[in-house]
Amino acid sequence: AAARAEHRPVVAVGTTVCRTLESVAEADGTVRAGSGETALFVYPPYRFRCIDALLTNFHLPRSTLLMLVSAFAGSACIRTAYAHAVTARYRFFSYDDAMLLDRAPTVPERDAFAASLKVPTPLATLVRTLIHTPGLAAHAG
């Protein structure tokens, strides 16, 4: 809640955190503490309310998690990132490699917010950083 109030980006570390934050987010993106359960199933064209970036694994084909990241960053973006990952022999599922994704633009106020922070638009930064866990060496993508 403080990050949103201070106009700082909200980064979800993992798809479980993503679903949790999106489940409790209000329409304006604010989050309130609480407890409960969720049945949230995220797939395109889901409109994200809370998170601005997502750090996650390369998920297996035909998985619900691949649908979630496609909804978040855009299907074309994810297809391009996965093509790069296959070519570069990244490890899929939960075996080391991860990607940091920016949210695909969905509403004008989100683009205006990103511009005010002087950060590149999400589509211009396909995958900002790819992290290979064992050596913590960044892969250029």
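Each value in this text was obtained by applying a stated rule to the coordinates, not by laboratory testing. Just so it is clear, the model here is predicted, and its values are computed rather than measured. All Cβ positions, even for glycine, are placed from backbone atoms using ideal geometry, and neighbour counts span all protein chains on display.
Taking a ≥ b ≥ c as the square roots of the eigenvalues of the Cα gyration tensor, the range 44-88 is prolate, since a/c reaches 1.5 or more and a/b is larger than b/c. The peptide list 83-92, 18-27, 33-42, 46-55, put in order of mean Cβ contacts within 10 Å with the highest first, becomes 46-55, 18-27, 83-92, 33-42. Local charge for Ala5 was computed over the other residues whose Cβ lies under 13 Å away, with Lys and Arg +1 and Asp and Glu -1, and equals 0. Using the Cβ-Cβ distance between Arg8 and Arg79 with R0 = 35 Å, the FRET efficiency computed as 1/(1 + (r/R0)^6) comes to roughly 0.70. Estimated at 0.36 nm per residue, the fully extended path between Glu26 and Leu40 surpasses their Cα-Cα distance by 3.6 nm.
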